[in-house]
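Below is one structure; the comments refer to it alone.
What follows is calculated from the coordinates using simple rules that are stated; it is not laboratory data. Model, not experiment: these values are computed from the prediction. Neighbour counts are summed over all protein chains in view; Cβ atoms, including those assigned to glycine, are modelled from backbone coordinates with ideal geometry.
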Amino acid sequence: MKKSHEIRGDRERRRAGFTLIEIMIVVVILGLLATLVVMNAPAYIHRQRVKVARTNIEMLEAKVDIFYSEMGRYPKTLDELVSAKDSAGIDLKIIKKVPRDPWGNAFVYVVPGQGGEDYSISSLGADGQAGGDGPNADINSWELDKTEQSQ
């Protein structure tokens with residue numbers, strides 16, 4: 001027969017750790033949380049890339065407008081923003097480097113632009129080809145105001 005202090009010690013030892021069931025419940029909960037994160041990550045990454053592309057297009061529009069105010073014409077290519085010189089031959093360097101879109105593709109710059117604009121700047125989306133839906137959809141300067149209002 002066990003003494004009362006030995007029985008109390010057995011109870012305390014059993015209460016000191018986690019049971020196998022408690023550990024399994026925690027592992028299942030962590031697994032469910034990890035699944036939610038992994039399933040939502042691609043959509044989140046796509047939304048962030050679209051935001052970066054829009055921001056870069058807006059920045060490039062501002063730089064093209066600066067070029068126009070300095071030179072009196074629109075640049076033929078975006079690379080002219082890097083190598084621009086005014087009428088006195090002074091380097092303007094409106095931008096240090098032309099960025100690429102978040103998918104690593106060059107932005108498409110067209111003069112005269114589409115959508116009734118003087119110029120247009122577009123990102124061709126994840127597939128790098130004109131047109132497409134979802135992550136492959138193009139992001140166009142002439143549509144930025146419309147798409148921002150709908151989101």
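For segment 47-150, the Cα-based Rg and Dmax, in that order, read 14.1, 47 Å. Spacing of the modelled spin labels on LEU33 and TRP142, each 7 Å from Cα toward Cβ, amounts to 4.9 nm.
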